[in-house]
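Engineer: I have a structure here, written as structure tokens, and I will follow up with some questions on it.
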Amino acid sequence: KLHEGELLRRKLHNTIQELKGNIRVFCRVRPLLPDEEDSGGDSAVVQYPNSGELVGHAIELFQPQGQKYTFTFDKVFGPEAAQEDVFIEISQLVQSALDGYKVCIFAYGQTGSGKTHTMLGHPDNLDQRGVIPRSVEQIFQSSQALQAQGWKFTMQASMLEIYNETIRDLLANSRRTSLDSQRSDGGTPAKQHVVKHEPNGNTFVTDLTIVEVSSWKEVSSLLRRAAQSRTVGKTAMNDHSSRSHCVFTLRITGTNESTEQQVHGVLNLIDLAGSERLSRSCATGERLKETQAINKSLSSLGDVILAIGNKENHIPYRNSKLTYLLQPCLGGDSKTLMFVNIAPDSKSLNESLCSLRFAAKVNACEIGVPRRHTNARLPEARLSNN
Ligand code: ADP
Ligand code: MG
């Protein structure tokens, strides 16, 4: 019988083999929605060269004048791809968090392109569950299976959003109230949350609610709490949820009772703010500030992923709250997956093109496309490369 540590090492090795590199970009095109179909929406502008396969690698966009743009990604999911088809392609990556890896999965795209559908979906509808519910369930199942081999796991969940470069705790109050009780106040105390990187490599957010979880049911009630908290923000701040990044984090600590070996994995699942450009005329005041904050943090994220892919010495983590928060989970031997979500209708063509260009830029790190250096100011934290 294999030693438990050896088993884990083999599994780890397989995972590495499986992933062949640490940055992946998947494209997902949602179907036309019923009301888009009713109003004569047209999805002929998006095509898949290797149609016939459920999961391809290329996507083509056609402009009315007949211009064609072709992009290739690690995977391309067309409108017929179900939530399960998507999850099958990422389950190894999710599993690696249990093996002690730090994993980030992002959804990028304009508002309405399917980011939340991909990341969250409908958690209470088995078929329609997205990445978060499926990942959490898989992790709990696998951790139980590993118990038989002497492994004990603790899981800690947190959920926050970043709006205008400010962190908001989406689980605030859950320390005091029981998980299933209704929140009466509906609001969150206006605490200032600060990201701290300690010299020992520990990262935390001050005053952030961390909940130890041991079942999908517990996580599901946290998700409901967070959704409520986001809705409150929405009424106050005008479609707040599409203007903020939502970060779900599961910290996993595994201890082997006989060998006392420990593994620390982190799974970050991030529903990014809408990437759409607002027309200049309507962006004034608060709206302009929001837009600038979103543009800045999305482009900083792109810069960071590209710099990591290019194995640059200096990674500009500090240019946005999101990248600063995720710094320990981006780069090194961490694993990153970006979904670029696309709406298929011809009205979205320009935004789709922008999203695909962003994703292609991030993806181009494999070929080593050089990148201009924007920050000559501060020395950035050095990427520790193992
Ligand atoms: P976003 O979070 O990017 O703003 P949503 O995830 O809310 O977009 O998607 C917009 C709408 O499209 C929602 O009604 C959602 O249910 C639907 N939708 C998105 N992706 C799919 C899909 N793959 N299949 C079916 N419906 C989808
Ligand atoms: Mg959304």
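Engineer: Once each part is reduced to its C-alpha centroid, what is the distance from the stretch 98-141 to the stretch 73-89 in angstrom?
Structural biologist: Cα centroid to Cα centroid, the span is 12 Å.
Engineer: Roughly what would the spin-label model give for LYS296 and LEU353, points 7 Å off Cα along C-beta, in nm?
Structural biologist: 2.9
Engineer: For an R0 of 30 angstrom, estimate the FRET efficiency from the Cβ-Cβ distance between TYR69 and ALA145 and round to the nearest 0.05.
Structural biologist: Calculated transfer efficiency: 0.10.
Engineer: Hey, which of these cross-link pairs are over 32 Å Cα-Cα: LYS196/LYS311; LYS217/LYS289; LYS68/LYS289; LYS152/LYS296; LYS75/LYS296; LYS75/LYS196?
Structural biologist: Too far apart for the 32 Å limit: LYS217/LYS289; LYS68/LYS289; LYS152/LYS296; LYS75/LYS196.
Engineer: Can you tell me the FRET efficiency between HIS197 and LEU32 if r is taken as the Cβ-Cβ distance and R0 is 56 Å, rounded to the nearest 0.05?
Structural biologist: Rounded to the nearest 0.05, the efficiency is 0.80.
Engineer: For the pair GLN261 and LYS311, how long in nm is the line joining their label points, each one 7 Å along Cα→Cβ?
Structural biologist: In this crude label model, GLN261 to LYS311 measures out at 2.8 nm.
Engineer: Along the Cα→Cβ direction, 7 angstrom out, place labels at ALA58 and LEU288. What is the inter-label distance in nm?
Structural biologist: 4.4
Engineer: Classify the stretch 279-356 from the C-alpha gyration tensor, please: rounded if a/c falls under 1.5, else prolate or oblate depending on whether a/b exceeds b/c.
Structural biologist: Oblate.
No lab work stands behind these numbers, since they all come straight from the coordinates. Remember, it's a predicted structure, so these values are computed and weren't measured experimentally. Here Cβ is always computed from backbone atoms with ideal geometry, including for glycine, and neighbour counts include all displayed protein chains.
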